[in-house]
């Protein structure tokens, strides 16, 4: 696997892992809500969840243009090789 492919997969897997973590945080928050309807505790969980969502949003926003650049470079290379 090329360095570009490895980096692409690594970035994609990292985002997948972040989204899985957000899902788990949501499940934990809901379980806490069912077991203990303490608004302060739920608010703390929501703050943590919001922070993780913000981190992932930033990561996705940075990853999209980089991946679009890679896709453009692949298309340009295919055109040079007469395969477009």
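The values are calculated or read from the model by the stated rules, or taken from the named source; none is laboratory data. None of the values given here were measured: they were computed from a predicted structure. Ideal geometry is used to build each Cβ from the backbone, glycine not excepted, and the neighbour counts take in all protein chains shown.
Per this entry, residue 45 is not counted among residues that are over 30 Å from residue 70 (Cβ atoms) and either within 12 Å of the chain's Cα centre (by Cα) or modelled with pLDDT of 90 or more (or both). For the range 13-42, the tally of residues that are in contact (Cβ under 8 Å) with a residue 24 or more places away in the chain and within 30 Å of residue 70 (Cα to Cα) stands at 6.
Yes or no, residue by residue, for (1) closer than 16 Å to residue 63 by Cβ; (2) touching a helix residue (DSSP H, G or I) at 6+ places or on another chain (Cβ under 7 Å); (3) modelled with pLDDT under 90; (4) part of a helix (DSSP H, G or I):
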site	(1), (2), (3), (4)
11	yes, yes, yes, yes
17	yes, no, no, yes
20	no, no, no, yes
32	no, yes, yes, yes
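Does the range 61-81 contain at least one residue that is modelled with pLDDT of 90 or more, surrounded by 11 or more Cβ atoms within 10 Å (Cβ to Cβ), in contact with a helix residue (DSSP H, G or I) (Cβ under 8 Å, 6 or more places away or on another chain) and in a helix (DSSP H, G or I)? Yes: the range 61-81 contains one or more residues that are modelled with pLDDT of 90 or more, surrounded by 11 or more Cβ atoms within 10 Å (Cβ to Cβ), in contact with a helix residue (DSSP H, G or I) (Cβ under 8 Å, 6 or more places away or on another chain) and in a helix (DSSP H, G or I).
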